[in-house]
Amino acid sequence: MVEDAVLDATFQALSHPTRRAMLRALAAGERSVGELAQPFDVSLAAASKHLKVLERAGLIERRIHGRVHTCRMNPHPLGAVSDCAEGLKAVFEANFGRLDALLDDLKSLERAALPFTQPNPPKRKKR
């Protein structure tokens, strides 16, 4: 399924904190590879590898102007992630609703099953 492949690539790309930070930087606007690598203790080659993962997932687009590679964010794959999360949220909320109802039923049964307790039983006299 195509959507599964998009989700897999997107989640894999978002699984690394450096790539998530780079994507956040790109959300503010275009950046060069050097600008994206600068906040991290990584070489340009390492930064470029991270960007290739983001690019393969379709999360960024790269343009080359001479020797300068400029990247910009493409938010479209994040829509599939959002849709997936919303679907899971609906399932979890339905399950939590059923769990709440079950807990209420169990509390009612527990209250109904409690035996009547007599006041304190008489104490035995010590000898």
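FYI, it's all coordinate maths here, none of it is from the lab. Because the structure is predicted, anything quoted here is derived from the model rather than measured. Here the Cβ is made from the backbone with ideal geometry for all residues, glycine too, and neighbour counts use every protein chain on show.
In summary, the convex hull built on the alpha carbon positions of the chain has an orientation-averaged projected area of 17.7 nm². Computed over the chain, the per-residue total of -39500 (n - 2.57) for DSSP H runs of n ≥ 4 gives a 222 nm mean residue ellipticity of -21000 deg cm²/dmol, rounded to 500.
Could you work out the relative contact order of the chain, using alpha carbon pairs under 8 angstrom and six or more residues apart, expressed as a whole percent? Display every interim value, and only then the final one.
Numbers: 95 pairs, mean separation 30.4, N = 127.
So the answer I get is 24 percent.
Each of T70, A25, L99 was placed along the dipole of the chain (beta-carbon charges, centred on the mean Cα), and the one lying farthest toward the positive end is L99.
With K and R counted +1 and D and E -1, the other residues having a Cβ less than 12 Å from that of F11 yield a net charge of 0.
Helix 2-14 and the longest principal axis of the C-alpha atoms of the chain enclose an angle of approximately 90°. Angle of helix 44-56 to the longest C-alpha principal axis of the chain, folded into 0 to 90 degrees and rounded to 10: 70°.
Its Cα centre serving as origin, the chain has a Cβ charge dipole (Lys and Arg +1, Asp and Glu -1) of approximately 1220 debye.
Once the Cβ-Cβ distance between D104 and S82 is put in as r, and R0 is 35 Å, what FRET efficiency do you end up with, to the nearest 0.05? It would help to have the intermediate numbers written out before the result.
Working: r = 33 Å, r/R0 = 0.94.
Here the calculated transfer efficiency is 0.60.
About its Cα centre, the stretch 2-75 has a charge dipole of approximately 280 debye under the convention of +1 per Lys or Arg Cβ and -1 per Asp or Glu Cβ, with nothing else charged.
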